[in-house]
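A.B. asks: Below are the structure tokens for one structure; questions will follow.
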Number of protein chains: 2
Amino acid sequence: MSEGNHYQFNVVMTCSGCSGAIDKALTRLKPEVSKIDISLEKQTVDVISTLPYETILEKIQKTGKQVNSGKQL
Amino acid sequence: MSEGNHYQFNVVMTCSGCSGAIDKALTRLKPEVSKIDISLEKQTVDVISTLPYETILEKIQKTGKQVNSGKQL
């Protein structure tokens, strides 16, 4: 079972290269990030992590992608 | 005239969202980055900057995009 908080972000992604870039950036935070689920169709990035919300948000923002909203579920 | 060193990177970009993300990330380094020229067609990112090569490379890598090569011109 995955450990940590569940965060969800709405991110503008227009192709699999976009979503793949976010996946790659977040993968570097393993094992503090235990699950990454990205939907290009829904424009969502779901993350389960023991790291703070702000840390994950900042990591996604550093990819240069536009984050429209985010929340802890 | 633009100040600084001229660096060129070959980066995998598959859509304008990909190239736009890199542009956005590098734009945050202004004014230390004075020029950014990205070609989706040529898969190149040209940067003129007073910052070290490694700093620019790292910034591009943090976007999660694959950098295949880079050099100072």
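The values are calculated or read from the model by the stated rules, or taken from the named source; none is laboratory data. The structure displayed is predicted, hence computed values, not measured ones. No Cβ is skipped: glycine too gets one built from the backbone with ideal geometry, and neighbour counts run over all protein chains shown. Surface areas here come from the heavy atoms of the whole protein model, side chains and all, with no ligands, DNA or RNA. Shrake-Rupley method; radii C 1.70, N 1.55, O 1.52, S 1.80 Å.
A.B. asks: Which of the residues spanning the stretch B:42-51 are in a strand (DSSP E or B) and among the hydroxyl-bearing types (Ser, Thr, Tyr)? Break it down into steps so the answer makes sense when it comes.
C.D. replies: Restricting attention to the stretch B:42-51, the residues satisfying the condition of being in a strand (DSSP E or B) are B:44-49.
If the condition is that a residue be in a strand (DSSP E or B) and among the hydroxyl-bearing types (Ser, Thr, Tyr), then B:44, B:49 are the ones that fit.
A.B. asks: Right, something else. Taking residue A:54 as meeting all but one of (1) open to solvent by less than 60 Å² (accessible area, probe 1.4 Å); (2) assigned to a helix (DSSP H, G or I), write down the number of the exception.
C.D. replies: (1)
A.B. asks: For residue A:63, which of the numbered conditions (1) more than 11 Å from the chain's Cα centre (by Cα); (2) under 20 Å from residue B:21 (Cβ atoms) fails to hold?
C.D. replies: Single failed check for residue A:63: (1).
A.B. asks: Mind listing whichever residues of the stretch A:1-16 are aliphatic (A, V, I, L, M) and in a strand (DSSP E or B)? Before you say what the answer is, go through the steps one by one.
C.D. replies: First pass over the stretch A:1-16, keeping only residues aliphatic (A, V, I, L, M): A:1, A:11-13.
Answer for the stretch A:1-16, where residues must be aliphatic (A, V, I, L, M) and in a strand (DSSP E or B): just A:11.
A.B. asks: Right, another one. Considering A:69, A:19, A:34, which residue is exposed (fewer than 14 other Cβ atoms within 10 Å of the Cβ) and either within 12 Å of the chain's Cα centre (by Cα) or not in a helix (DSSP H, G or I) (or both)?
C.D. replies: On the way: A:19 fails: exposed (fewer than 14 other Cβ atoms within 10 Å of the Cβ); A:34 fails: exposed (fewer than 14 other Cβ atoms within 10 Å of the Cβ).
Just one listed residue meets the conditions, A:69.
A.B. asks: A follow-up question, please. Of all residues in the stretch A:22-31, which are open to solvent by less than 40 Å² (accessible area, probe 1.4 Å), more than 7 Å from every other protein chain (Cβ to nearest Cβ) and not in a loop (DSSP other than H, G, I, E, B)?
C.D. replies: Residues of the stretch A:22-31 that are open to solvent by less than 40 Å² (accessible area, probe 1.4 Å), as a first pass: A:22, A:25-26, A:29.
Now narrow it down to the ones that are more than 7 Å from every other protein chain (Cβ to nearest Cβ): A:26, A:29.
A:26 - this is the single residue of the stretch A:22-31 that is open to solvent by less than 40 Å² (accessible area, probe 1.4 Å), more than 7 Å from every other protein chain (Cβ to nearest Cβ) and not in a loop (DSSP other than H, G, I, E, B).
A.B. asks: May I pose another question? Does the stretch A:39-50 hold any residues that are open to solvent by 40 Å² or more (accessible area, probe 1.4 Å) and not basic (Lys, Arg), and which are they? Even if it seems obvious, please write down each step before you answer.
C.D. replies: Kept after step one, since they are open to solvent by 40 Å² or more (accessible area, probe 1.4 Å), are these residues of the stretch A:39-50: A:40-43, A:50.
Correct list: A:40, A:41, A:43, A:50.
A.B. asks: Does residue B:19 count as more than 19 Å from residue B:72 (Cα to Cα) and at pLDDT 95 or above?
C.D. replies: Numbers: more than 19 Å from residue B:72 (Cα to Cα): yes; at pLDDT 95 or above: yes.
When the stated conditions are applied, residue B:19 passes them.
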